[in-house]
Amino acid sequence: MTQKLWKAALFDLDGVVLNTERQYSQFWGSVGKEFLPHLPSFANDIKGQTLTQIYDGWFAGKTELQETITARLNEFERHMTFPYIPGFCEYITSLRNKGLKTAVVTSSNKEKMQNAYREHPELHQLFDKILTSEDFSASKPDPDCYLRGAATFNANPQECIVFEDSINGLRAAKASGAFVVGLATTLPAETVSTIADFVIDDFEDKNLFLNLKV
């Protein structure tokens, strides 16, 4: 794989750019335990889904409960921390220095992103485009988000590298036709490898530089 193949690098946010998945697992685990005790895998099942998709799938028609969960989530996110995945800033800077366009493609909404910007205002400089749940007609695992991400840069999906960590996200990326790098930050590498083209632990992983020539 040579540099001329790639026009853009598209990054999921949680578990890829920001090391936040454990915090979200804690939050959604508590929601599942309280409201869906018969579904012990709830917190894992919803990874990569928008809030609307979660509500439609598990809390449809329960308006008051949705409002309760949303209020709790907003409060939780106001007090979250947003540390970077190790090596991320250095890696994305190297991609941009080589001429690749970069975008966030996340199921998070704009309100959540404001919390991330407060801690990391430089996110706007690290990415040429930040696409949130409001920009997509369908949620992961539908490939719409990554197709739109590629189109943002007038690129074919085959000219894009996607970095993902969740099953829904990996499936969306793979279905788009992009080259998929899976991060074993949320799930075991053995699970991620069933979908991704290859797997790394984080952006300091030497395999990233050995196998992806950009």
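Laboratory data are not the source of any read-out in this text; all were calculated from the coordinates shown. None of these values were measured; they are calculated from a predicted model. Positions of Cβ are generated from backbone atoms using ideal geometry, with glycine treated the same way; all protein chains shown enter the neighbour counts.
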Original post:
Which of [x] 9, 38, 41, 12, 0; [y] 8, 34, 36, 19, 2; [z] 8, 36, 37, 15, 3, 0 is the computed P(r) over Cα pairs in 10 Å bins from 0, in percent for the structure on display?
Top reply: [z]
Original post:
Would you list Lys7, Lys140, Lys47 from fewest to most Cβ contacts within 10 Å?
Top reply: Lys7, Lys47, Lys140
Original post:
Toward the positive end of the charge dipole of the stretch 21-78, about the Cα centre and with charges on Cβ (Lys, Arg +1; Asp, Glu -1), which of Phe76, Gln26, Gln53 goes farthest?
Top reply: Gln26
Original post:
Size of the dipole of the stretch 21-78 about the Cα centre, Lys and Arg at +1 and Asp and Glu at -1 on the beta carbon, nothing else charged, in debye to 20?
Top reply: 140
Original post:
With springs only between Cα atoms under 10 Å, which of Ile130, Ile46, Ile54 fluctuates most in a Gaussian network model of the chain?
Top reply: Ile54
Subject >> Residue pairs, from the table Lys140/Lys206; Lys62/Lys101; Lys62/Lys112, whose Cα atoms sit over 32 Å apart >> reply: Lys62/Lys101
Original post:
How do Cys89, Cys160 rank when sorted from fewest to most other Cβ atoms within 10 Å of their own Cβ?
Top reply: Cys89, Cys160
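Taking the Cα centre of the chain as origin, work out the dipole magnitude from +1 charges on Lys and Arg Cβ and -1 charges on Asp and Glu Cβ, in debye rounded to 20.
Here the size comes out at about 500 debye.
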Subject >> Global geometry of the stretch 21-78, whether rounded, prolate or oblate, following the gyration tensor of its Cα atoms and the 1.5 cut on a/c >> reply: rounded
**OP:** Would you work out which of Phe88, Gly99, Gln125 lies farthest towards the positive end of the dipole of the stretch 50-125, given +1 charges on the beta-carbon of Lys and Arg and -1 on that of Asp and Glu, about the Cα centre?
**Re:** Gly99
Original post:
What percent do you get for the relative contact order of the stretch 21-78 when only Cα pairs under 8 Å and 6+ apart count?
Top reply: 27
**OP:** Would you mind ranking Tyr24, Tyr84 by Cβ crowding within 10 Å, fewest neighbours first?
**Re:** Tyr84, Tyr24
**OP:** Would you please classify the overall shape of the stretch 71-174 from the alpha carbon gyration tensor, given that a ≥ b ≥ c denote the square roots of the eigenvalues, rounded means a/c under 1.5, and beyond that prolate means a/b larger than b/c while oblate covers the rest?
**Re:** oblate
Subject >> Inter-site label distance for Glu34 and Ala60 at 7 Å from Cα along Cβ, in nm >> reply: 2.4
Subject >> Loop trypsin sites (Lys or Arg not before Pro), the stretch 89-179 (other Cβ atoms within 10 Å of the site Cβ: 13 or fewer; DSSP) >> reply: Lys98
